[in-house]
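Visitor: Here it is: the structure, laid out below.
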Amino acid sequence: MSRHAIVTGATSGIGLEIARTLGQAGYKIFINARNADKVKETVAELGASGIEIDGIAADVRSTEDVRGFVAAAVERFGPVSVLVNNAGRNGGGVTQNIDDDLWQDVLDINLTGTFRVTREVLSNGGILDAEQGRIINIASTGGKQGVVLGAPYSASKHGVIGFTKALGLELAKTGVTVNAVCPGYVETPLAERVRRGYAEVWQTTEAAVLEKFEAKIPLGRYSTPQEVAGLVGYLTTAAASPITAQAINVCGGLGNY
């Protein structure tokens, strides 16, 4: 059985931990990010721990890049058995002030990028022939409820969940499962940038924003990238075979839906 996992946007935060978790589980890992130096650093870091890993710079906004990325992955490690669409960005602000470029870029990376990579892996990645194919999309609790000052982000992640459910039903008879993992607040470099943005808009400190956010979480703390990666790892197992077309939260009780 092929044990080859593609992880997009895997050089920091959640994506990095997913690559590490799947690599430690015995998968050969192929990654991408837009920054070639960060890809090299991540390959070196995880490779030094004994994980079989490689990757290239590729932008999920480019169909040509995506085709080259998947082709390189298949050439390096053979047919794909697991695809994790993790590449994403935040983005928002006061909605009446959001310009077309910001709106389009958030949707192009988060939603259309997920579609582009998935389409290519289905067409040319060999996942439909995998004994236990898995497509896992990293969405957000913001894909189930509104995010204040985050309309583009929330809209894009709602779209990822809709895409996940539709494709999960479409592929159900093939044995390839399709699920979304929906983190709430997770402590990553991206989370720091988000808090900084809110602090500027609300004219307060980042510490005050953190306190406000933690107060909303029933567990009283952010989740960790390792905890999100743990659910991704479970969804790749045989025990998770009947789970498809689902959007599962990792959020400390922030959302119970």
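Visitor: Hey, can you list the DSSP H helices of the chain whose Cα span along the axis is 15 Å or longer and whose average Kyte-Doolittle score is at least -0.5?
Guide: Membrane-span-like by this rule: 13-24, 36-48, 63-77, 113-124, 151-170, 206-216, 225-235.
Visitor: Whole angstrom only: what separates the Cα centroid of the range 133-199 from the Cα centroid of the range 75-119?
Guide: Cα centroid to Cα centroid, the span is 10 Å.
Visitor: Enter the per residue convex hull volume of the range 94-144, computed from alpha-carbon coordinates, in Å³ rounded to the nearest integer. Display every interim value, and only then the final one.
Guide: Working: hull volume 4.2 nm³, N = 51.
With only Cα atoms used, the range 94-144 gives 83 Å³ per residue.
Visitor: Once you have the Kirkwood Rh of the range 109-249 from its Cα pairs, apply Stokes-Einstein at 10 °C and 1.306 mPa s and quote D in µm²/s.
Guide: Rounded to a whole number, D works out at 97 µm²/s.
Visitor: Separate question: Run the paramagnetic zone check for ALA72: 7 angstrom along Cα to Cβ, then residues of the range 1-40 with backbone nitrogen under 15 Å.
Guide: Only 6-11, 29-40 fall inside the zone, counting backbone N under 15 Å.
Visitor: First check a/c for the range 35-177, with a ≥ b ≥ c the square roots of the eigenvalues of its C-alpha gyration tensor; if it is under 1.5, answer rounded, and if not, answer prolate when a/b is larger than b/c or oblate otherwise.
Guide: It is oblate, given that a/c is not under 1.5 and a/b is not larger than b/c.
Visitor: Calculate, in nm to one decimal, what LYS216 and GLN24 gain on full extension: separation in residues at 0.36 nm each, minus their alpha carbon distance. Walk me through the intermediate numbers first.
Guide: Numbers: separation 192, 0.36 × 192 = 69.12 nm, distance 3.35 nm.
Length difference between fully extended and current span is 65.8 nm.
Visitor: Right, another one. Given contacts defined as C-alpha pairs under 8 Å and at least six residues apart, what's the relative contact order of the chain, whole-number percent?
Guide: Relative CO of the chain lands at 19 percent.
Visitor: Please compute the length gained on full extension between ASN35 and GLU200, using 0.36 nm multiplied by the number of residues separating them and subtracting their Cα-Cα distance.
Guide: Going from the current span to full extension adds 56.7 nm.
Visitor: Which value in nm describes the separation of the simple spin-label points at ALA207 and GLU131, placed 7 Å from the Cα toward the beta carbon?
Guide: Using points 7 Å along Cα→Cβ, the separation is 5.5 nm.
Visitor: Quickly work out the LEU149-to-GLN96 label distance, labels modelled 7 Å from Cα along the C-beta direction, and quote it in nm with one decimal.
Guide: 1.7 nm
Visitor: Pick out, in residue order, every one of the GluC sites (Glu not before Pro) in the range 99-193 that is DSSP loop and has at most 12 other C-beta atoms within 10 Å; say none if there are none.
Guide: Of the GluC sites (Glu not before Pro), the ones in loops of the range 99-193 whose Cβ has at most 12 other Cβ atoms within 10 Å are GLU131.
Visitor: If you count only protein heavy atoms with a 1.4 Å probe, what accessible area per residue comes out for the chain, rounded to a whole Å²?
Guide: I get 45 Å² per residue for the chain.
Visitor: Another question, if that's okay. Can you send over the carbon and sulfur percentage of the accessible area for the range 1-154, probe radius 1.4 Å, protein chains only? Walk me through the numbers before you get to the answer.
Guide: On the way: 2890 of 6480 Å².
Of all accessible area on the range 1-154, carbon and sulfur atoms account for 45 percent.
Visitor: Which part of the range 1-23 falls in the paramagnetic zone of GLU52, meaning amide N under 15 Å from the point 7 Å along Cα-to-beta-carbon?
Guide: Once the point is set 7 Å along Cα→Cβ of GLU52, 1-6, 22-23 turn out to lie under 15 Å by backbone N, inside the range 1-23.
Visitor: When Lys and Arg each count +1 and Asp and Glu each count -1, what net charge do the other residues less than 10 Å away from ARG221, Cβ to Cβ, add up to?
Guide: Computed value for this residue: -2.
Visitor: With just the Cα atoms of the chain, tell me how far they stretch along each of the three principal axes, in Å, largest first.
Guide: That works out to 53, 38, 36 Å along the principal axes.
Visitor: Could you check the simple spin-label distance between LEU169 and GLN104, using points 7 Å along Cα→Cβ, in nm with one decimal?
Guide: Label-label distance for LEU169 and GLN104, simple model: 3.1 nm.
Visitor: Taking just the alpha carbons, could you work out the radius of gyration and Dmax for the range 1-82, both in angstroms?
Guide: Every Cα atom of the range 1-82 included, Rg and Dmax give 11.4, 32 Å.
The values are calculated or read from the model by the stated rules, or taken from the named source; none is laboratory data. These numbers were taken from a predicted model, which means no experiment stands behind them. Every residue, glycine as well, gets a Cβ built from its backbone with ideal geometry; the counts of neighbours run over all protein chains shown. These area figures cover heavy atoms from the full protein model, side chains too; ligands, DNA and RNA do not enter into them. Shrake-Rupley method; radii C 1.70, N 1.55, O 1.52, S 1.80 Å.
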